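The values are calculated or read from the model by the stated rules, or taken from the named source; none is laboratory data. Keep in mind the model is a prediction, meaning the values are calculated, not measured. Virtual Cβ from ideal backbone geometry, glycine too; neighbours counted across all protein chains shown. Each accessible area value is taken on the protein alone, full model and side chains, heavy atoms only, with ligands, DNA and RNA left out. Shrake-Rupley method; radii C 1.70, N 1.55, O 1.52, S 1.80 Å.
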Amino acid sequence: MTYHPRGPGGTTTAPLTRIIRDSLDRLRAFDRHRPRVWDAAVTAFWVVAAVLDYTSGGWRTVAHDDVTAPEFLVLLMSLGFSLPLLWRRTHPLAVLLLMAPVSVVNIWTGAVVQAALLQLIPVFQIVLRSSLRTVGAAALLFVVPVLAGGIRIPAGWGQEVVSYVWGLVFVVLLGIAVRTRREYTEALVERAHRLEHERDQQARLAAAAERTRIAREMHDIIGHNLSVITGLADGGAYAARKNPERAGQALEAIGTTSRQALSELRRLLGVLRDDHPDAERTPQPTLDELDPLIDRVRRAGLTVHLELNGDPLRAALTPGRQLTVYRVVQEALTNTLKHATGPTSATVTLTCSRTHLDAHITDTGTGTDPGTTAGTTADAAEAPLPAQGIMGMRERAALYDGTLEAGPLPDHGGWQIRLRLPLEDTHP
């Protein structure tokens, strides 16, 4: 036999097997769409077979010698066993109950028409769909008339009782096998649907997480750079009246900051383009860019001091952890620019130990709580919910099992942010 490849997996299927499988699939599809047509066809087939058994006299070959049933009763019994099959799938137990009296008459009169074996068809349907108790009741309905006939006609034990019982056992085992196979297939289909649903959920969750990450990055990029540009523009407008040279420097700094913001946005949005194979996949700042960040903030008018304890630039920090530290410092300084009033300076202290990196950002201004109005400093116990920036910083720290604390300085006006991140080689 020649085998041909079939399917993307490289599996092979015999042509005859493929033809049989396709034919069965078409037959099942037809049955699903027109169940009554199929039921009528099956019933008509068995009715014709039962009537032919009567008209040809075939029933006399298995009937007992002392048969007392008239021929018209034999015809009625043949129809009584075959016609109810029209409802064998919708009401199998009712069909079996309808056949039971006919079976009693059949065995009791000694006619033993072969159509009595059609009772096994509703029994098979009951095994496929019903509980074990219902199957037991169906088996009794089938066997009890046969046993009663065997008691009346002892010679029938070998011919009817044993053959009927063996037929019942075969049909029950076949029904159990088909039912088990069907339930197994349905379980596989349900599991496939569930896995597909879970895959779609995971994809949606991943997309939502990516949107959140991108929104956080754009908040940091746009919010910080616009704050710096605003500060430079205000300073330049003030300096233009007294010192045009300083105003020119402010305009130059505005241009530099704007170009850098646009460059960061292009790199970030480039990651979203599926048709851009050369898009940079890690367009994020690192600790090496802290100095340019602080220089831009200084040009915007905020005095910033940077203190390094240890060597954070050489610490075993992943790019994601470096980005977290960078964004926290950026957000803290941006909040100081936007909310602080009065003479203000800020201090950024990075401390690198063997297991952790600590970032401590403080300022000396007033009204730097991002959840309050300018010019006020709320007590920590009475402070309102943190603003979006602080929430974003806490989310970033939590991604790497870090902690972030934000609140007013205890001794004097000002604000502080403490970030503590474990190093890359820290194990839980």
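May I ask you to verify whether residue 165 is open to solvent by 70 Å² or more (accessible area, probe 1.4 Å) and at pLDDT below 85? Outline the logic, then answer.
Details: open to solvent by 70 Å² or more (accessible area, probe 1.4 Å): no; at pLDDT below 85: yes.
Considered against the rule, which asks whether it is open to solvent by 70 Å² or more (accessible area, probe 1.4 Å) and at pLDDT below 85, residue 165 comes out as no.
What tally of residues in segment 398-412 results from selecting those that are buried (at least 21 other Cβ atoms within 10 Å of the Cβ) and assigned to a helix (DSSP H, G or I)?
0
Quick check: is even one residue across segment 60-77 surrounded by fewer than 16 Cβ atoms within 10 Å (Cβ to Cβ), part of a loop (DSSP other than H, G, I, E, B) and modelled with pLDDT of 85 or more?
No, the conditions are met nowhere in segment 60-77.
Could you check segment 129-145 and list, in sequence order, the residues that are assigned to a helix (DSSP H, G or I) and open to solvent by 20 Å² or more (accessible area, probe 1.4 Å)?
Step one: list which residues in segment 129-145 are assigned to a helix (DSSP H, G or I), which gives 129, 132-145.
Passing the criteria: 129, 132, 133, 134, 135, 136, 137, 139, 140, 141, 143, 144.
Does residue 277 fit the bill of being open to solvent by 60 Å² or more (accessible area, probe 1.4 Å), at pLDDT below 75 and either of a type in the set (Val, Ile, Thr) or more than 44 Å from the chain's Cα centre (by Cα) (or both)?
Values: open to solvent by 60 Å² or more (accessible area, probe 1.4 Å): yes; at pLDDT below 75: yes; either of a type in the set (Val, Ile, Thr) or more than 44 Å from the chain's Cα centre (by Cα) (or both): no.
So residue 277 fails the test.
Filter segment 341-372 for residues that are part of a strand (DSSP E or B) and at pLDDT below 85; which is nearest to residue 297 (Cα to Cα)? Talk me through it step by step, then tell me what you get.
Of the residues in segment 341-372, the ones part of a strand (DSSP E or B) are 341, 345-352, 356-363, 366.
Filter once more, so that each one left must be at pLDDT below 85: 341, 366.
Details: 341: 16, 366: 18 Å.
Among those that are part of a strand (DSSP E or B) and at pLDDT below 85, it is 341.
For residues that are touching a residue at least 40 places away in the same chain (Cβ under 8 Å) and among the hydrophobic types (A, V, I, L, M, F, W, C), scanning just segment 19-59, find the one that is farthest from residue 114 (Cα to Cα).
Going through segment 19-59, the residues touching a residue at least 40 places away in the same chain (Cβ under 8 Å) turn out to be 35, 39-40, 42-43, 46, 49-50, 53-54, 58-59.
Pick out the ones that are also among the hydrophobic types (A, V, I, L, M, F, W, C) and you get 40, 42, 46, 49-50, 59.
Details: 40: 21, 42: 17, 46: 11, 49: 10, 50: 8, 59: 7 Å.
Looking at the filtered set, the residue picked out is 40.
Restricting segment 316-340 to residues that are at pLDDT 80 or above and hydrophobic (A, V, I, L, M, F, W, C), which is surrounded by the fewest Cβ atoms within 10 Å (Cβ to Cβ)?
Within segment 316-340, the match that is surrounded by the fewest Cβ atoms within 10 Å (Cβ to Cβ) is 323.
Can you go through 47, 102, 95 and tell me which one is over 20 Å from residue 145 (Cα atoms), surrounded by 15 or more Cβ atoms within 10 Å (Cβ to Cβ), modelled with pLDDT of 85 or more and out of contact with any Asp or Glu (no Cβ under 9 Å at 6 or more places or on another chain)? Walk me through how you get there before you give the answer.
Details: 102 fails: over 20 Å from residue 145 (Cα atoms); 95 fails: over 20 Å from residue 145 (Cα atoms).
47 is the lone residue from the list that is over 20 Å from residue 145 (Cα atoms), surrounded by 15 or more Cβ atoms within 10 Å (Cβ to Cβ), modelled with pLDDT of 85 or more and out of contact with any Asp or Glu (no Cβ under 9 Å at 6 or more places or on another chain).
So which of 262, 272, 313 is assigned to a helix (DSSP H, G or I), surrounded by fewer than 19 Cβ atoms within 10 Å (Cβ to Cβ) and modelled with pLDDT under 65?
Details: 262 fails: modelled with pLDDT under 65; 272 fails: assigned to a helix (DSSP H, G or I).
Selected residue: 313, the only one of 262, 272, 313 that is assigned to a helix (DSSP H, G or I), surrounded by fewer than 19 Cβ atoms within 10 Å (Cβ to Cβ) and modelled with pLDDT under 65.
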